[in-house]
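Reading through the structure tokens given below for one structure.
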Amino acid sequence: MHSFARTHATEVALLAVIAVICTVLSFATANFFSIGNAFDLLNTSSVNIIFAVGLLVVLIAGGIDISFAVAASVVQYGTAIALGWIGGGGWISGLVIAGSIGICLGAVNALLIHRFRIISIVATISTFNIYFGLLMFFTKGVSIYDLPEWLTDRVVLFEHEMADGSWIEITLPVLVMVLCVIATWVLITRTTTGRQLYAFGDNPEGARRFGINIGAMQFIAFGWLGLMAGIGGLVQAHYAQEVVPNALYGRELDVLAAVVLGGARLGGGKGSVLGCVLGVLLIAITQNGLNLMGVSPFAFKMIVGAIILIAITLSNTSIERLLPFATQKGARR
């Protein structure tokens with residue numbers, strides 16, 4: 001138990017923080033501490049968790065990507081058009097098309113970063129604006145409501161009527177999210193590629209000297225995020241039952257804050273799937289609690305900004321510089 005707490009300190013701390021926040025919110029609001037609200041949070045957080053596990057792989061590899069949410073919107077439109085060409089399709093064809101488009105968009109980022117030596121944040125800011133600009137230009141901001149029935153029909157995997165007459169349910173997005181989480185966990189913890197991603201993110205030059213293919217690491221990391229963006233985009237269209245060009249605009253910062261809160265280091269080489277999921281849930285719980293308390297949504301944006309700022313500070317500042325007094329005290333001993 002003690003060894004688990006030491007090796008998973010971030011995850012344990014997040015669980016403790018979630019427990020404290022849930023306790024406070026249960027007293028502050030009447031509707032927060034209920035099974036129905038918990039299931040609603042799980043269903044609504046599914047898309048962000050799918051995005052987050054994809055972004056986690058990029059952060060582990062030492063990169064950063066803020067274009068994935070806009071890329072997911074591009075995937076939604078591209079998939080909707082492609083499904084019209086093939087006569088409607090189904091979930092399998094939809095996921096294949098969405099995932100393929102997403103991987104291609106992720107590969108563009110990898111190409112810019114590896115081939116042209118552009119810093120990942122600069123490259124993805126560029127593609128963020130290019131993707132969004134092209135999307136709005138060609139769609140003229142018009143939403144798509146005429147989607148195939150299989151995509152708009154709600155799929156309830158589990159439902160149960162509570163004593164007060166309300167219903168709790170688990171929908172298809174939760175199942176897709178669980179599969180994406182498991183696949184990412186297998187990739188980064190149970191494969192040679194995963195170990196190489198950690199090594200590359202921690203020490204790119206050392207990884208290159210050990211013979212790790214740097215280009216392959218970039219394409220795998222950004223391709224995986226592209227795949228998750230594609231899947232997440234399709235799931236979001238299923239959840240919303242429509243395709244709106246700017247529906248996911250701005251989602252990237254919420255997801256980035258959640259992933260770094262979950263222990264992923266912006267400098268690379270560190271991060272876990274469990275911490276990533278807990279980070280998303282903590283952000284979702286905080287937002288849900290603030291909404292139930294009637295707090296302005298701008299307060300939530302301030303919290304997200306503060307999390308990112310603190311994460312960047314910790315990634316670029318050593319513990320010795322942050323805690324000079326503790327270091328000097330330890331040295332005297």
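The values are calculated or read from the model by the stated rules, or taken from the named source; none is laboratory data. In this text, all values refer to a predicted model and were calculated from it rather than measured experimentally. Note: ideal-geometry Cβ built from the backbone for every residue, glycine included; neighbour counts use all protein chains shown. Only protein heavy atoms, including side chains, enter the accessible area calculation; ligands, DNA and RNA are left aside. Shrake-Rupley method; radii C 1.70, N 1.55, O 1.52, S 1.80 Å.
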Review point. So who's got an amide H within less than 5 Å of the one on THR171, skipping anything under 5 residues away but keeping other chains? H placed 1.01 Å off N, in plane.
Key: LEU157
**Study point:** Over the chain: helical MRE at 222 nm, DSSP H runs n ≥ 4 each giving -39500 (n - 2.57), nearest 500
**Key:** -24000 deg cm²/dmol
**Study point:** segment 153-200: relative contact order in percent, alpha carbon pairs under 8 Å with at least 6 residues between
**Key:** 23 percent
Practice item. Quick one: order ASP254, ASP153, ASP146 from most to least accessible surface, probe 1.4 Å. Key: ASP146, ASP153, ASP254
Check your understanding: Counting Lys and Arg as +1 and Asp and Glu as -1, each charge on the Cβ, what is the dipole of the chain about the Cα centre in debye, to the nearest 20?
Key -> 1720 debye
**Study point:** Shape box of the chain [Cα atoms, principal axes, largest first, Å]
**Key:** 72, 55, 36
Study note, to complete from the structure: For segment 194-263, the Debye formula with one identical point scatterer on each Cα and no solvent gives log10 I(q)/I(0) at q = 0.18, 0.19, 0.26 Å⁻¹ as -0.84, -0.88, -1.14
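Where does the charge balance sit around TYR131 when Lys and Arg score +1, Asp and Glu -1, over other residues with C-beta under 15 Å from its C-beta?
Numbers: positive: ARG251; negative: ASP65, GLU252.
Residues close to TYR131 contribute a combined charge of -1.
For segment 82-145, how big is the tail of P(r) above 17 Å, as a whole percent of Cα pairs?
Value for segment 82-145: 57 percent of Cα pairs lie more than 17 Å apart.
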Study note, to complete from the structure: For segment 135-233, inverting the pair-averaged 1/r of distinct alpha-carbon atoms gives a Kirkwood value in Å of 17.5 Å
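Among all helices in the chain defined by DSSP H, which have a length of 18 Å or more along the axis from Cα atoms plus a Kyte-Doolittle mean of at least 0.0?
Numbers: long enough: 9-28 (28 Å, 2.29); 35-60 (34 Å, 1.77); 68-85 (25 Å, 1.37); 91-115 (34 Å, 1.55); 120-139 (28 Å, 1.56); 172-189 (26 Å, 2.64); 214-240 (38 Å, 1.21); 273-292 (28 Å, 1.81); 297-316 (29 Å, 1.81).
Long hydrophobic helices here: 9-28, 35-60, 68-85, 91-115, 120-139, 172-189, 214-240, 273-292, 297-316.
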Practice item. Averaging sequence separations of C-alpha pairs under 8 Å and six or more residues apart, then dividing by the length of the chain, give the relative contact order as a whole percent. Key: 32 percent
**Study point:** Protection-proxy order for peptides 32-44, 256-268, each taking the mean of Cβ atoms within 10 Å per residue, highest first
**Key:** 256-268, 32-44
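For ALA216, what charge total do you get from the other residues with a beta carbon under 15 Å from its beta carbon, if Lys and Arg give +1 and Asp and Glu give -1?
+3
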